Amino acid sequence: MHDELKHIENAAETEIRAAKTLDELEERRIQFLGRERGALTLILRQLKNLAPAERANVGNEANRLREKVERLIDEHAAVLRSSARESILERERIDVSRPGKRPPRGHLHPLTKLIREIEQIFLSLGFAVAEGPDVETEWYNFDALNIPAHHPARDMWDTFWLRQKIPSTKHQDPNKSKIKNLETPRLLLRTHTSPVQVRYMEKHQPPLRIIAPGVVYRYEATDVTHEIQFHQLEGLMVDRDISIANFRYVIEQFFTRLFGKAMEVRLRPSYFPFTEPSFEVDMRAKGSKGAWLEISGAGMVHPNVFKAAGLNPKQWQGFAFGMGIERLALLKWKIPDVRLFHSGDIRFLKQF
Ligand code: YSA
């Protein structure tokens, strides 16, 4: 039995130290100390067959060996744990001096960039920037612009009308009975930015110079130059003595600065209910014999529009214009299809 114990001791020393992982070490523990079939356990189980003197001897020796094996296992476990920690530290080491990876960054939408550029140009020409609501009343979008109900000109703008709940007159608070007599205004998504002219003139006395960029909506089929939701740029200049010459100068300056080269404009007679006279604005690079591009509607503000805004048309004169911002973008960047702007195609947007 002494020999057997010696043999177990030798085997334990080499095999425990050879364990490469904590799992392997556990296997070794079971191999030597396991309660069922551990090598030492088997020896201890045979003690009862020995003579009493021998039993005490071998028993002591076997117990010492058990303690030694336990110590060997503990020591080797500590070694394995610390080297595992070191390899984790090695793997997860961070070299703070290495150049970082730049996370991809978004940027402003090309139309937002263009609108900001347009605003800067007009600010430098002494214009202020005005805004109006996307959900408009029938009055501001049409009537105040000299387009009464049943006027055929309403057909020029295919309109998204909003479904509205008409407030019930039943069980009404008697203190609020006035509401009964108020007609609920019909609401729509504005079809152009021209309502901002009237809203602004109601609140500001001329002389005034404003632009009003914003989203407008039309109930129409889309194609390469038409969207159902797009941006317009409204312009308005009112003073005592404003003429078409002032308009020509302002609009030529604007195009020249926006396109970065001298541009010339041509005015063609047209019709809008809110201007008299009205014209379409064409433009092309100065000196070029190229085709004229239609870019904007414009005209001298109609007396009825001044009246609707509470201004005296005998006192004030002004020009107004309205152009499509997407159309400007198509020209500026030579883009073939207006629908690309809101297609959500990152490849398209990344180019700006
Ligand atoms: C005219 C005279 C004024 O004194 C002031 C403003 C105006 C413009 C007028 N309010 C208007 O809306 N005219 S318009 O219907 O011809 O549209 C103006 C511009 O918007 C067009 O020249 C075009 O550039 C753009 N546009 C029109 N429908 C569009 C569109 N852009 C994209 N998609 C559409 N569906």
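One table, with the values for the structure above:
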read-out: Fully extended contour minus Cα-Cα distance, from residue 225 to residue 162, at 0.36 nm per residue; value: 20.1 nm
read-out: Nitroxide proxy distance, nm - points 7 Å out along Cα→Cβ at residue 30 and residue 282; value: 9.3
read-out: Solvent-free Debye scattering, log10 I(q)/I(0), computed from the Cα coordinates of the chain at q = 0.07, 0.08, 0.13, 0.15 Å⁻¹; value: -0.50, -0.56, -1.04, -1.24
read-out: Linear extension gain, residue 204 paired with residue 271, 0.36 nm per residue minus alpha-carbon span; value: 21.4 nm
read-out: Using a Förster distance of 41 Å, the FRET efficiency for residue 187-residue 243 (Cβ separation, nearest 0.05); value: 0.65
read-out: Farthest toward positive dipole pole in the range 200-335 [+1 Lys/Arg, -1 Asp/Glu at C-beta], among 246, 333, 287; value: 287
read-out: Dipole of the chain, positive end: most advanced residue of 12, 133, 299 [Cβ charges, Cα centre]; value: 299
read-out: Vicinal HN-Hα couplings computed from phi for the range 135-150 (Karplus, 6.51 cos²θ - 1.76 cosθ + 1.60; Hz; Gly/Pro x); value: 8, 10, 8, 4, 4, 6, 6, 10, 3, 5, 9, 6, 10, x, 4, 6
read-out: Estimated vicinal HN-Hα couplings, Hz - the range 334-343 in sequence order (Karplus 6.51, -1.76, 1.60; Gly, Pro = x); value: 6, 9, x, 8, 5, 6, 4, 4, 10, 6
read-out: Lys, Arg +1 and Asp, Glu -1 on Cβ, resulting dipole of the chain about Cα centre, debye, nearest 20; value: 620
read-out: Extended-chain gain in nm, criterion 0.36 nm per residue less alpha-carbon gap, residue 18 and residue 289; value: 88.5 nm
read-out: Among 14, 191, 256, residue whose mean-square fluctuation peaks in a GNM of the chain (springs only between Cα atoms under 10 Å); value: 14
read-out: The chain: DSSP helices with Cα axial extent of at least 18 Å and average Kyte-Doolittle hydropathy no lower than -1.0; value: 52-91, 110-124, 244-259
read-out: Assigned charges on the beta-carbon of Lys, Arg, Asp, Glu; the range 225-325 dipole about Cα centre (debye); value: 280
read-out: Spatial separation of Cα centroids for the range 1-75 and the range 92-111, in angstrom; value: 59
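Where a number appears in this text, it was derived from the coordinates with a stated rule and is not lab data. Every value quoted in this text rests on a predicted model; they were computed, and no experiment measured them. Cβ atoms come from the backbone with ideal geometry, glycine included; neighbour counts cover every protein chain shown.
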